[in-house]
1. ³J(HN,Hα) across segment 218-233 via Karplus (A = 6.51, B = -1.76, C = 1.60, θ = phi - 60°), whole Hz, x for Gly/Pro?
2. Please list the non-local residues whose amide H lies under 5 Å from the amide H of His255, H modeled 1.01 Å from N, same-chain partners needing a gap of 5 or more.
3. Taking a label point 7 Å from the Cα of Thr7 along the Cα→Cβ vector, which residues of segment 13-30 have an amide N closer than 17 Å to it?
4. What list do you get for Trp293, Trp24 if you sort them by fewest beta carbons within 10 Å?
5. For segment 34-135, give the magnitude of the charge dipole about the Cα centre (Cβ charges: +1 Lys/Arg, -1 Asp/Glu; no others), in debye to the nearest 20.
6. Can you sort Glu157, Glu4 by how many other beta carbons sit within 10 Å, fewest first?
7. Once the dipole of the chain is set up with Lys and Arg at +1 and Asp and Glu at -1 on Cβ about the Cα centre, which of His42, Pro199, Trp54 lies farthest towards its positive end?
8. Can you pick out the pairs among Lys216/Lys284; Lys64/Lys286; Lys18/Lys216 whose Cα atoms lie more than 19 Å from each other?
Amino acid sequence: MVSEHQTTFDETIAADEKIEPRDWMPDAYRNTLIRQIAQHAHSEVIGMQPEGNWITRAPTLLRKAILIAKVQDEAGHGLYLYSAAETLGVSRDELQEMLHSGRHKYSSIFNYPTLSWADIGVIGWLVDGAAIVNQIMLQGASYGPYARAMVRICKEESFHARQGYAILMTLAKGTDEQRQMLQDAVDRWWWPALMMFGPHDSESTHTEQSMDWKIKRMSNDDLRQLYVDQTVPQGEYLGITFPDPDLHFDEESGHWRFGEIDWDEFWAVVTGDGPMNRERVAHKKKAWEDGAWVREAATAYAVKHAAETAKVA
Ligand code: BYC
C-alpha cells in the first residue's frame, strides 16, 4: 500500500512544486540528490585547479583580476552546493571524505591539463557554456535548495562564459600564433566538453528515474544537442574549426549533427584514469589538510562565542 507520505510526495512532484528539507521524501530520492549535488559541488571546487594554474601567468593585470574573481566564484558555487547537500542530512566532512577516498565523482572535464592561456578562454566559453546549458534546466529541479542555488550560480556562470569568449575574441583578432593557440585549445577541449553531459541516454543509469522525480528536466543527449546547436555558430564567429569531420548542419531537423564521442576515453577519465585525476585529488587533499588549522580555529571561536552568549543570557 502506498503511504500517505509517498502520496503527498508524488502529488508535490506532479504539481511542479518544490520538495523542501523539512518534507518527507523517499530514501532513494534523498540519496540521488546527495550524489548529484555533491558531485556538482566537488566539480566546482576541483574546477578551481586548472584555472588557478594560470592566475600567476595571466597576460595582464586586468585579466589576472578577472580570473581571480572567476576562480573565487567557483569556490562560492561549491559552498552553496555543499550547503544544499547538507540540508539532506549529510555533513560537509563526510562529503569531503567521499571525494578524497574516490567514492564520489566530479566532472570528467577537470581531469584535463590547461596548457596555454587560450585554455582559460576556452574553459570559459566551452566548459562554463556547457555548465550553463545543464544548469538552466536544473533551476527547475524539484528539490528547493538545489534549484535555488542554481539560479545564483547560473547568473555567475553567464559572466564566466562571457569573460572566456572575450579572451578568445582578443586571440582571434591577434597574430597567426595567437589564432593557432586558440585553435589548438579548441581541438583539445571540444570532445571533453561534449562528455560533460554524461553517457548516452540509453547508457545512463540515473536519467529516467531522475526525470520522473523532476530532478533532471532534460536528458543527457537532449542537453548535449542543445549545447552543440548553440555553440557551433559561436565558433564560426571566432573563425575556428571543430575537430569533428562529421559535424554538419542537418537542414531537415535544424540541428548540428556531430560524430561519436570516444566513450572509452570518457569512462577511463570518470573512473580515475584521465590525464590529471591523480594530481587533482592529491592537490585537493593537501589543501584540506593544510586548512585544518583554519577549521579548528573557526570552530574553537564558535564554541567560545556560544559559551559566552550562554553566560550573558
Ligand atoms: N563526469 O546516469 P548518469 C563547472 C557519471 S562545474 C563524471 O547519466 P546522472 C565549472 C554519473 O555520476 C559544473 N562523471 O548520471 C567549475 C554516474 O555515476 P554514479 C559541473 C559522470 O547523474 C569550475 C554515471 O556516470 N556540473 O561548471 O543522471 C570551473 C552514469 O551517468 C559524468 C555538474 O556537476 C561526467 N561528465 O547525470 C569552470 C552538473 N557524466 O554517480 C566550470 C550536475 C556522468 O552513478 N550533474 N557521470 O557513480 C548533472 O547534471 C548530472 O549528474 C550529470 C550526469 C549530467 C553529470
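Derivation of every value follows stated rules applied to the coordinates shown; laboratory data play no part. Since the structure is predicted, the reported quantities are computational estimates derived from the model, not experimental observations. Note that we place each Cβ from the backbone using ideal geometry, even for glycine, and neighbour counts take in every protein chain shown.
1. Couplings: 9, 7, 4, 5, 5, 5, 4, 5, 4, 5, 4, 4, 6, 8, 4, x Hz.
2. The list, which skips near neighbours in sequence, is Asp250.
3. 13-15, 24-26
4. Details: Trp293 9, Trp24 14.
Final ranking by Cβ density, sparse to dense: Trp293, Trp24.
5. Details: 8 positive and 10 negative charges, 47 e Å.
Value, rounded to 20: 220 debye.
6. Details: Glu157 26, Glu4 9.
Listing Glu157, Glu4 from fewest to most nearby Cβ atoms yields Glu4, Glu157.
7. Looking along the dipole axis, the top candidate is Trp54.
8. Working: Lys216/Lys284 28 Å; Lys64/Lys286 24 Å; Lys18/Lys216 13 Å.
With Cα atoms farther than 19 Å apart: Lys216/Lys284; Lys64/Lys286.
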